[in-house]
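Below is one structure; the comments refer to it alone.
The values are calculated or read from the model by the stated rules, or taken from the named source; none is laboratory data. All of these numbers come straight from a predicted model, not from anything done at the bench. We place every Cβ from the backbone using ideal geometry, glycine too, and count neighbours over all the protein chains shown. Accessible surface areas use protein heavy atoms only, side chains included; no ligands, DNA or RNA. Shrake-Rupley method; radii C 1.70, N 1.55, O 1.52, S 1.80 Å.
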Amino acid sequence: MTVERKRKLDLAMGVAALLVLGFLGAVDSGEIPLGVPGEWQWPRLGAKPATTSLLIAAAGVVAYGGYAALGYRALGVPSRVGLREAGWVAGLAVSAATLQVVIPLGASDGYGLTKWARVHCQRGATGYYTIAKTQAAADPWKFLADYPKWIESQDAYHIGTHPPGLIAMHCGLLALMERQVAAADLLNAAMPPSVGAGFRWVEVKESTTIARSDRAAIYLTSLVTLLACAGTVAPLYVLARESLPPQSAWVGAAFWPLAPALNLFQPLADAAYPLLSATALATAAWSIRLRGGPGLAGWAWATPAIASGAVMAFGMMFTLAFLPVGLIVALVVLATRAVSWPRRFEVIAWIGVGFVAVVALDWLATSADPFVVWWWNLRNHERFYEECRRSYLPWLLVNPVELAIAAGLPTVVWCLIGATVDHRGVPRAAWCALAVLAIVDLSGRNMSEVARLWMIFLPPLFTAAGVGLTRLGGGVQAVFVTVLLIGLQTVGLQCMVQLVYSL
């Protein structure tokens, strides 16, 4: 490494460290607003965690940093064996899931894994379990068939602005746990004590009793969210590998599990959606790449295209946020210059086939017109800004800042370096996502809470981080230190900002 590159690398690491320390210090002092005063701000958390809890979380971050550094070194050794990469990525997924269990252990009492129980039981936090239990569980298929009419009269918040996917999921897991008594007992026995404490808190607060099968179903819902969130490292790595070498792809995937938003908002379903968006983008990117290759049979490139559309259609059963994801996917395909225009449109057509097929199957299975549901979801979302006034210009400026904090400031530093030092080397998925985010921000459709709402758009942006780090000659030490800095930001915010629910 030349002296000049080392100086730039040290400068980048120094800037990342100063940003993290300065930001945490400002939040702790109360000198910066956590939103737009008078309209929406994230509440501050008064209770502080125990020192032992912080040490456990810190140890988890350090251990994970060691694995991330080792993986970076191992993937720098030339190899043609794909199984070697797959093994390291599989280990990364397991490490990510473990890390996202350990980090909440460093939270204040009542805000760690306790939220795995409470967030689903409190109507103000979500409400999907409550509706599934009280309105849909008796006859789920009738509830789904009537959903287009039912959604008309719902609120402008969580329930009214979403398709029935989360309610249906809770219904399915509740029914499963009622039938599979042994599995329910096993889940209850394996439940961490803090999760059980969350259920007991709800029972006292609401003067009710939560059945063991319900506890198992709610706990399983949180586990699914955890595994989906942590498992996003796999499609994220595959997405980056479409245009980057192994080490560069590894960096973005390795930084993913530490992102503050992912850890602070679990077990909200928003943390699970990136798995679907990253999968849709990865399959589309590889489909158009394969389409440009010589002598490939149709199924070899059409299958991932169909899968991309199918995944987005499945996601549309849960949230309309997959509409802009679809735009990113289309832009990724259309921006592939090495492939002729007819072939680009051909890939998009097959993506459409996958989307339409899953939507049609959903319509046939539930007898509910999804287009009517989506229409009312959009109408209800418009009502939100009638009931909760927001000022356009302040949020136009605040949203990108909050997104950067949600992703992790050190990761953003590397993304910006990648975009400036080697903008051609940054995967087109990152540029397409950035363009769509600019459109979404300018549209004023999301004013407040973008740290939660825009998690779905983060995976393609992370692909730029590896470009920045590798272009400056960063090695295992840079990876390890960056992991520590992101972990510090996440654990620090966890101690100071109250998210998901209030005590």
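A Cβ distance below 6 Å, combined with a sequence gap of six or more or placement on separate chains, defines the contacts here; from the stretch 341-370, residues that are within 22 Å of Asp146 (Cα to Cα) reach residues that are part of a helix (DSSP H, G or I) and β-branched (Val, Ile, Thr) in the pairs Pro370/Val359. The helices (runs of 4 or more DSSP H) found wholly in the stretch 184-262 and carrying at least 2 residues that are among the aliphatic types (A, V, I, L, M) and surrounded by fewer than 24 Cβ atoms within 10 Å (Cβ to Cβ) occupy 193-206, 212-231, 233-241.
Screening Val401, Val497, Val426, Val421 for residues that are touching a residue at least 60 places away in the same chain (Cβ under 8 Å) and aliphatic (A, V, I, L, M) leaves exactly one candidate, Val497. Restricting attention to the stretch 41-61, and to residues there that are open to solvent by less than 30 Å² (accessible area, probe 1.4 Å) and in contact with a Cys (Cβ under 9 Å, 6 or more places away or on another chain), which single residue is nearest to Thr114 (Cα to Cα)? Per the criteria, the residue is Pro49.
Within the stretch 128-145, is even one residue open to solvent by less than 10 Å² (accessible area, probe 1.4 Å) and touching a residue at least 60 places away in the same chain (Cβ under 8 Å)? No, the conditions are met nowhere in the stretch 128-145. Filtering the stretch 100-154 to residues that are acidic (Asp, Glu) and out of contact with any helix residue (DSSP H, G or I) (no Cβ under 7 Å at 6 or more places or on another chain) leaves Asp109, Asp139, Asp146.
The one condition from (1) modelled with pLDDT under 95; (2) in a helix (DSSP H, G or I); (3) touching a helix residue (DSSP H, G or I) at 6+ places or on another chain (Cβ under 9 Å); (4) open to solvent by 40 Å² or more (accessible area, probe 1.4 Å) that His423 does not meet is (2). Of all the listed residues (Val332, Val325), the sole one being touching a Lys or Arg at 6+ places or on another chain (Cβ under 8 Å) and under 30 Å from Glu382 (Cα atoms) is Val332.
Just wondering, is there one or more residues in the stretch 292-302 that are modelled with pLDDT of 95 or more and surrounded by fewer than 20 Cβ atoms within 10 Å (Cβ to Cβ)? Checked the stretch 292-302: no residue is modelled with pLDDT of 95 or more and surrounded by fewer than 20 Cβ atoms within 10 Å (Cβ to Cβ). Of the helices (runs of 4 or more DSSP H) lying entirely inside the stretch 304-390, those carrying at least 1 residues that are under 20 Å from the mean Cα position of the chain (by Cα), modelled with pLDDT of 95 or more and within 23 Å of Ala280 (Cα to Cα) are 322-334. Of the residues Gly38, Gly30, the single one that is open to solvent by 50 Å² or more (accessible area, probe 1.4 Å), out of contact with any His (no Cβ under 6 Å at 6 or more places or on another chain) and on the phi > 0 side of the Ramachandran plot is Gly38. With respect to (1) open to solvent by 40 Å² or more (accessible area, probe 1.4 Å); (2) assigned to a loop (DSSP other than H, G, I, E, B), the lone exception for His162 is condition (1).
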